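The next block holds one structure in the form of structure tokens; read it before the comments.
The values are calculated or read from the model by the stated rules, or taken from the named source; none is laboratory data. None of the values given here were measured: they were computed from a predicted structure. We place every Cβ from the backbone using ideal geometry, glycine too, and count neighbours over all the protein chains shown. The protein model used for the area step is the full one, side chains on, heavy atoms only, and it has no ligands, DNA or RNA in it. Shrake-Rupley method; radii C 1.70, N 1.55, O 1.52, S 1.80 Å.
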Amino acid sequence: MGCPWSRQPGERWPQQRVTASAHGWGHRDGREAQALGLASAQTTQLLVEPPWRPAVLWDRVTLTCQGSGTAGATTWYRNGQHWGQEGCTNVSVTLKRTYRCDRPGTGLSPPVTVSEDDLVLQVPVRELLEGDTVTLRCRGYWKSTVTSVSFYHEGKELGVFPDVTEMSLSPLQLSHSGHYSCRGKVGSSGWRESPPVTVTVHELFLVPVLEGPPEPTLGSPLTLSCLSTPSPLWPQAPLLHVFYRDRQVVGGPQGSPQLLVPAVGVSHSGNYGCEVHSQGGAVRKSRARLRVTVHRVPLSGVSLSAQPPRGQVALGDCLVLSCTVAVGTGPLSFSWHRKGSGALLGTGPHLELHHIGDNDSGQYRCWVSNGDSVAENDPLNVTVLVPVANATITPGPPSHQVHVGDNVTLRCSVQVGSAPVTFTWLHNGQEVAQGPLLELRDIDVGHSGTYQCVATNQLGQDGHRVFRALSPEVALEVTPGSPWVTAARKQRERAPPDPPAPPEEGEVLYTHVVVTKRAGASPRATTLQDPQVTYTELRGPQGRPREPGDIYGNVL
């Protein structure tokens, strides 16, 4: 049996054809052609002309089988039974039936039904995407007149149109999917209702997802990607992307799905979102959210420096500590602390201590914060250097008999004073020795006179400040040819009965007396049977105890 798609005398072939299938329409814009190509690679397609479904018998319906394999191997089926149109690619339909075709490479096509109902609701035979416009038309049997048409969606009336048989849905949304039907007066047949037709609206693209680093570092680049998968029916659909931060537009509309920030600042923190919409804006989707918090560069390499260097400062001087950060971004805040003290010493990158005292010694730390991280330095030891004061001479050994020819050791010490302390010995005002000990051997008349020690230390940067403390004088008397050797601190003579007067500035009191007796001494020496040692406190002006300032002087 030959193919019924043969040209009859006087019949004109269609000049231009628009094909449709259950999986995609060959629209002239290329979108449906792309979808058709995609579907054709999966299964055999049965294309309908005119491109409406359901097809109706009173239209001239042509079916075209499309698939892989040899066109001559096409097999046709009608109502599930083998139809004798073997080898034909195109066939004409003259009966109300359900048709399918088979190609060896892609198998059996989806079914196409040809209707002959009194009232039919037709929709285009093509895949419908969000944003499209679709026209529904209500038609009567063999072009009968239809009036007072009502359209229904899922049984709900959409409206009554007395003189209109078509209704458009634009732009299509996912909610437009469902079953549609129409009702109206068909010629003289009266009221009729069409069988339901299923309309499926496919997503043009999926709801976007916003991706990117939620916690970038200050100064680093930031890339946010607004990702949305387009429909496989139109994978190259032109989509536009808009980026928001805290509901303010910060990028787009743009074709690129990425927002690029070369170097983020703290101001770039916020709640980001993106919207994807079709060209023209008929379809918009924006449920993507991303919280971005820009962190400052973590702090590291905190160090302290001191002036004077190494944190060694003379008592009463000024100390300046400086805190620096090698790595990190701000704004920075500083706080100063000393070990053992709970008080906050100061804020800011520098700490200045004026008129420093003994209690300012210790370990100092600087804490630095940039709001995201906190760092601190290794402790810096601050040493308060004390000038020498209260130099004293101790005859040694005290209360020990000293005989002519014996040895005498004098020891010089200071009550306070930071090391190193040097000692210089003066005999009758002339320098005779260095060191804390003065050893006099083989005592004779030449050792008579006054002895005094000078204690010295050098403080401040590079020892630029020199302090000196003078001890009280010690008198050593050796009488020639006498068996007596007397070591004494000479008292200032005042004629009685005047009361003792306070010493004047620069005067020296001698309060330590040592008297020794040699064996076989003259009778006048027997009044002192045993060695005696007397210590009294040295007083300053007006009888008050001496202050360090009374004893040492600054010899810059």
Open item on the list: For segment 426-443 and segment 87-126, what is the centre-to-centre distance using only Cα atoms, to the nearest Å?
Closed with: 133 Å
TODO: Provide the solvent-accessible area of Lys156, counting protein heavy atoms only and rolling a 1.4 Å probe, rounded to the nearest 10 Å².
DONE: 140 Å²
TODO: Return the long-range amide H neighbours of Phe205 (sequence gap of 5 or more, or a different chain), with a cut-off of under 5 Å between placed amide H atoms.
DONE: Ser231
TODO: Please report the base-10 log of the normalised intensity I(q)/I(0) for segment 273-423, using a Debye sum with one equal scatterer per alpha carbon and no solvent, at each q in 0.12, 0.14, 0.19 (1/Å).
DONE: -0.70, -0.80, -1.10
TODO: Calculate one ³J(HN,Hα) per residue across segment 222-235 by plugging θ = phi - 60° into the Karplus curve 6.51 cos²θ - 1.76 cosθ + 1.60, and present them in order as whole Hz with x for glycine and proline.
DONE: 10, 10, 10, 10, 9, 9, 9, 7, x, 5, x, 6, 8, x
Open item on the list: Can you give the local net charge around Cys274? Use residues other than it whose beta-carbon is closer than 14 angstrom to its beta-carbon, Lys and Arg +1, Asp and Glu -1.
Closed with: +4
Open item on the list: So, taking all protein chains as they sit and a 1.4 Å probe, how much accessible area belongs to Trp191, in Å² rounded to tens?
Closed with: 110 Å²
Open item on the list: Quick check: convex hull of the Cα atoms in segment 328-396, volume per residue, rounded to a whole Å³?
Closed with: 122 Å³
Task: 19 Å cut-off, amide nitrogen to a point 7 angstrom out along Gln173 Cα→Cβ, residues in segment 243-277 - done: 275-277
- [ ] Could you please put His277, His82 in sequence from largest to smallest accessible area, using a 1.4 Å probe?
- [x] His82, His277
- [ ] Determine the equivalent ellipsoid of segment 97-189 by diagonalising the alpha-carbon gyration tensor, then write out the semi-axes as square roots of 5 times the eigenvalues, largest first, rounded to whole Å.
- [x] 27, 20, 10
Task: Cut-off 9 Å between beta-carbons: net charge of the residues surrounding Val454, Lys and Arg +1, Asp and Glu -1 - done: 0
